[in-house]
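Read the structure below first, then the notes.
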Amino acid sequence: MISSPDVRTVDVVVIGAGQAGLSTAWALARQGFAPESDFVVLDADDAPGGAWQHRWPSLTVGTTHRVHDLPGLPFEPDAGNPRAADAVPAYFARYERRFELPVHRPVRVSAVRRTDDDRFRVETDSGDWIARAIVNATGTWTRPFVPRYPGQEFFRGRQLHTVDYRSARDFAGQHVVVVGGGASATQLLVEISTVTSTTWVTRRPPVWREEPFDEDAGRRAVAMVEEAVREGRRPGSVVGVTGLLVSTPYIRDGLDRGVLDRLPMFDRITEDGVAWDPADGHEGRFIAADVILWATGFRAAVNHLAPLHLRGTGGGIRMDGTHVAGEPRIHLVGYGPSASTIGANRAGQAAARQLRRVLKEPGELPRTA
């Protein structure tokens, strides 16, 4: 339903067309929402693929944790071990075509505000949308997190984040300090160490898990993140809440070569390296560095939701399932416990079912305080 050339009206606006957004769109169609007239998907990227199209070239399908199927269409990459940045976007594009999903791109959302009649105005660089409900599925890739350390601004070498990484060859002949205790940190560290010298620093010692990260372990990790978002705390990663790193073949190679011998976090950054204070028992250790690679994770990309005042005192958004607590028409899919490929699938379907009850069935749920 188009009310004017610059303001269009639908029941649901889905923001983001990664795994979370596409699975939600598929589920909305199956809950009776008509593509384009009842719901749309707004995607900031120029092409399908979500964050996958921006991953570093050396990341292959075989070295990812796992790319779960989107609902209704199996992920069947070409034979061999193709680049994830090629195979997954091609799969997403095929998915959009197969199910005729109403994805509009590139459309960048700047803000979401309430209207006087308690709907939502989604402001974009391509005109505004008025919606009865919002599903935010923007993930985290556009919000890399880099912690602050004394002296950081004076470092004369390069500082970059995981999102900036392209190839280990870029660091040949330089000493690289890799910061972070997650899967990306260990993968990049092992890769970079094949061409140059490295130092690994983490906030806490790694805990290696030899057995696969199975469904039971996944459920336990998700339960920990769910508890955090129910209480309004910032959601953490699986490694962040469990402290576990899965021992994969490339990890075992790194352990055998000694490149995964970590040091505790440094206290400060100097012009030409990183340093520990004597009080920490390191006798004033200093390591010269040409590059600091911050593999320190991400934050949820929800700044455009700031006008809705959803954040609580704990810094996070208090959730009840997939919707914001007390807000049954504002869903965050791919946030907290659903910030994984399989979690996003389930959350998208749960959000669509609830939105059908709220928007299409008699007795719409009222918004509570």
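Structure data summary
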read-out: Alpha-carbon Debye profile of segment 245-321, log10 I(q)/I(0) at 0.22, 0.27 Å⁻¹; value: -1.02, -1.28
read-out: Listed peptides 40-46, 18-24 by packing density, highest first (mean Cβ within 10 Å); value: 18-24, 40-46
read-out: Positive minus negative residues near ASP43 (Lys, Arg vs Asp, Glu; Cβ under 13 Å); value: -2
read-out: Cleavage-rule hits, chymotrypsin sites (Phe, Trp or Tyr not before Pro), segment 141-210, DSSP coil, Cβ neighbours within 10 Å at most 13; value: PHE145
read-out: Residue-by-residue Karplus 3J(HN,Hα) for segment 33-49, coefficients 6.51, -1.76, 1.60, Hz, glycine and proline x; value: 8, 7, x, 6, 7, 9, 8, 9, 10, 9, 10, 6, 7, 6, 9, x, x
read-out: Amide hydrogen neighbours beyond the local backbone of VAL107, cut-off 5 Å, H modeled; value: ASP43, ALA44, ASP45
read-out: Karplus-derived HN-Hα couplings along segment 85-93 (A = 6.51, B = -1.76, C = 1.60, θ = phi - 60°), whole Hz, x at Gly and Pro; value: 5, 9, 5, 6, x, 4, 5, 4, 4
read-out: Nonlocal amide H pairs with THR124, under 5 Å, H built at 1.01 Å; value: SER110, TRP129
read-out: Derived scalar couplings ³J(HN,Hα) [segment 317-330; Karplus, 6.51 cos²θ - 1.76 cosθ + 1.60; whole Hz; x for Gly, Pro]; value: 10, 6, 10, 10, x, 8, 9, 4, 4, x, 10, x, 10, 10
read-out: Three-way shape label, segment 56-153, alpha-carbon gyration tensor, a/c 1.5; value: oblate
read-out: LEU263 long-range amide H proximity, modeled H, under 5 Å; value: TRP200, VAL201, THR202
read-out: For peptides 317-326, 176-185, sequence by mean Cβ density within 10 Å, most packed first; value: 176-185, 317-326
read-out: Around VAL176: net Lys/Arg minus Asp/Glu count, Cβ-Cβ under 10 Å; value: -1
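Quick note: the coordinates plus some simple rules give every number you see, no bench work behind them. Here the structure is a predicted model, which is why all the values come from computation and not from measurement. FYI the Cβ positions are ideal-geometry reconstructions off the backbone, even for glycines, and counts take in every protein chain you see.
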